[in-house]
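Everything below concerns the one structure shown next.
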Amino acid sequence: MSETTAIHQVSEQDLLRRRHTWLLTGAAALLALLLAAGVQAGQDGGLLWVARAFDHPLVITLAILGLLERAAYVGLNHPVARALAIALGLLTGLITLVSVTYVLVMGLWSTTVSSENAPGRTDRRVVVESVPGILDPLWEAYVFEGAGPFQRHWKLGFFNGDDPDNELTDATWSGPSQVRIVTGDGHAHLIDLDPESGRPTRPLNRG
């Protein structure tokens, strides 16, 4: 093999390695942007589908770390740098193992308990979700406003069942822009909504 051919092969290998490194780094950057969009959408009034798809910091962060670890391993030739990349990969794997164990025990996503459309409307509904918790039963109540990709979510309240008086026992409509929430102590709480946006004027938190 001539010296020119060897240099040409090395150059091709370097080019391929750099290309893979940029692809992996770009994928990690894209995931970071999607995570930022998901966290923003997870706030009150955010787009529901964006929050559901990308508001998962733990899962997406682990994926980003995995991509960066692989990019570092592929893109760096120095033995010390590769050793650090392998160490990062092992750490990511350990965190992933712990996270998967937690998810298998506790669950990751909320479960819908009830969903009811507002009187005379199909673009507004009250939704109650059971939230994964370590010890206590937890619930969150929302108003989902709009339809399709433009549907937004507004939090009605959070309820921690460590005290039975704070349990959420019922969430229903008392009018097109008013929700009636009943807690474990038997009290009924009326929450008014903005007629246009569906935003609650006074969210209720118990526990």
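The values are calculated or read from the model by the stated rules, or taken from the named source; none is laboratory data. Keep in mind that this is a model prediction, so the values were computed, not measured. Ideal geometry is used to build each Cβ from the backbone, glycine not excepted, and the neighbour counts take in all protein chains shown.
For the reader, a short list of remarks on this structure follows.
- Strands (runs of 3 or more DSSP E) completely within the stretch 122-207 that count 2 or more residues being under 21 Å from Ala41 (Cβ atoms): 124-131, 138-145, 152-160
- When each of Gly161, Gly184 is tested for being surrounded by 13 or more Cβ atoms within 10 Å (Cβ to Cβ) and under 26 Å from the mean Cα position of the chain (by Cα), the lone residue that passes is Gly161.
- Breaking point among (1) surrounded by 12 or more Cβ atoms within 10 Å (Cβ to Cβ); (2) in a helix (DSSP H, G or I), for Glu12: (1)
- Those residues of the stretch 98-119 which are modelled with pLDDT under 65, more than 16 Å from Arg52 (Cβ to Cβ) and surrounded by 13 or more Cβ atoms within 10 Å (Cβ to Cβ), in sequence order: Tyr102, Val103
- Residue, nearest to Ile60 (Cα to Cα), within the stretch 84-97, restricted to residues that are surrounded by 12 or more Cβ atoms within 10 Å (Cβ to Cβ) and among the hydrophobic types (A, V, I, L, M, F, W, C): Ile95
- Residue match in the stretch 120-137 (condition: among the aliphatic types (A, V, I, L, M), over 23 Å from His56 (Cβ atoms) and modelled with pLDDT of 95 or more): yes
- Qualifying residue in the stretch 154-177 (condition: more than 20 Å from Leu138 (Cα to Cα) and touching a Leu at 6+ places or on another chain (Cβ under 6 Å)): yes
- Residue match in the stretch 37-56 (condition: more than 22 Å from Phe144 (Cβ to Cβ), in a helix (DSSP H, G or I), in contact with a helix residue (DSSP H, G or I) (Cβ under 6 Å, 6 or more places away or on another chain) and outside the structural domain of Gly198 (by TED's automatic domain parsing)): no
- Which numbered condition Asp192 misses (of (1) in contact with a Phe, Trp or Tyr (Cβ under 8 Å, 6 or more places away or on another chain); (2) surrounded by fewer than 19 Cβ atoms within 10 Å (Cβ to Cβ)): (1)
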